[in-house]
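Worksheet: one structure, shown below.
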Amino acid sequence: MKEWPIEGAPDREQMMRLIFALRQHGVTDPRVLAAMEATPRHHFVDRVFRDRAYEDVPLPIACGQTISQPSVVGVMTQALAPTPRCKVLEVGAGSGYQTAILARLARRVYAIERHKPLAREAARRCAALDLANVSIIAGDGALGWPDQAPFDRIMLTAAAEDPPALLLKQLREGGVMVLPVGQSDDVQQLLRIVKTPQGLRYDELMPVRFVPLIEGVPESD
């Protein structure tokens, strides 16, 4: 069985460059910066890419997916604004990097990943970091996690044509959802949605590029 030991620590200069890049992109929340500094990104990428783990670039992972650019992770996390009392749903766990950062900021994180191999490895990686407040399953993220709803925060790391109605129903009043929205790979907008007593409030944050949100779970997994 494949193991995921924590191998070393990032070079201090590498981490300082990453934190500088985060600040340049508007990530200034001290809690978010501390959570990202405490999360070893090299632990969540394939060995062949580990020398690039602390560059501000997306990198390939298994199943044809990517680990997001750190500055985008930082912007999304800051916009989500999780607190130590929050229960968070993450749709699209990928390698578990974003999951691990959220786990350092929230009370509990429930993450869904449609690719079973990725879900298994993300869970193992988070467990290796002793993040005991994380649950990761393989499933259809578009359906959310009804048994654990409502959620204080919901993050999608895959682009939907419109904010999924089923997920909005699982968001608590006063809660926040952050997600990319767009009908093509080239034109997507990162949205922050706040569920108020009067309805939904939308804020456009920045143009982004994410893989599409796909319903179902691959049979080949």
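The values are calculated or read from the model by the stated rules, or taken from the named source; none is laboratory data. These figures come from a predicted structure and were not determined experimentally. Cβ coordinates were reconstructed from backbone atoms using ideal geometry, including for glycine residues, and neighbour counts include every protein chain displayed.
Quick notes on this one:
- Selection over segment 179-212 of residues that are of a type in the set (D, E, K, R) and over 15 Å from ALA79 (Cβ atoms) gives a count of 3.
Every residue, every condition in (1) in a helix (DSSP H, G or I); (2) loosely packed, with under 13 Cβ neighbours inside 10 Å; (3) among the β-branched types (Val, Ile, Thr); (4) in contact with a strand residue (DSSP E or B) (Cβ under 8 Å, 6 or more places away or on another chain), yes or no:
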residue	(1), (2), (3), (4)
GLU13	yes, yes, no, no
ARG17	yes, no, no, no
LEU22	yes, no, no, no
ALA34	yes, no, no, no
THR39	no, no, yes, no
HIS43	yes, no, no, no
VAL48	yes, yes, yes, no
GLU55	no, no, no, no
CYS63	yes, no, no, no
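- A single member of ILE101, ILE136, ILE154 is crowded, with 21+ Cβ neighbours inside 10 Å and touching an Asp or Glu at 6+ places or on another chain (Cβ under 7 Å), and it is ILE136.
- Among residues of segment 83-112, those that are within 22 Å of PHE49 (Cα to Cα), of a type outside the set (S, T, N, Q) and outside any loop (DSSP other than H, G, I, E, B), counted: 3
- The residue list ALA122, ALA142 contains one member that is of a type outside the set (Phe, Trp, Tyr), at pLDDT below 95 and not in a loop (DSSP other than H, G, I, E, B), which is ALA142.
- Note on segment 159-213: residues that are in a loop (DSSP other than H, G, I, E, B) and of a type outside the set (D, E, K, R) amount to 12.
- Residues considered: GLY96, GLY74. Of these, the only one that is of a type in the set (Gly, Ala, Ser), in contact (Cβ under 8 Å) with a residue 12 or more places away in the chain, surrounded by 18 or more Cβ atoms within 10 Å (Cβ to Cβ) and at positive phi is GLY96.
- Among the residues making up segment 153-170, those that are in contact with a Leu (Cβ under 8 Å, 6 or more places away or on another chain) and more than 13 Å from VAL181 (Cα to Cα) are ARG153, ILE154, LEU166, LEU167, LEU168, GLN170.
- Residues (over 23 Å from ARG23 (Cα atoms), modelled with pLDDT of 95 or more and charged (D, E, K, R)) located in segment 63-115: ARG85, LYS87, GLU90, ARG107, ARG108, GLU113
- Every residue from segment 148-174 that is closer than 15 Å to VAL88 by Cβ and among the charged types (D, E, K, R): ASP152, ARG153, ARG172
One line per residue, one yes/no per condition, for (1) in contact with a strand residue (DSSP E or B) (Cβ under 7 Å, 6 or more places away or on another chain); (2) at pLDDT below 95; (3) closer than 20 Å to LEU191 by Cβ:
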position: VAL134; (1), (2), (3): yes, no, no
position: ILE137; (1), (2), (3): yes, no, no
position: ASP152; (1), (2), (3): yes, no, yes
position: ALA158; (1), (2), (3): yes, yes, yes
position: PRO163; (1), (2), (3): yes, yes, yes
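- Any chance ALA127 is among the aliphatic types (A, V, I, L, M), farther than 26 Å from LYS169 by Cα and not in a loop (DSSP other than H, G, I, E, B): yes
- Candidate set: segment 157-188, residues that are among the polar types (S, T, N, Q) and more than 16 Å from GLN69 (Cβ to Cβ); chosen: the one surrounded by the fewest Cβ atoms within 10 Å (Cβ to Cβ): SER184
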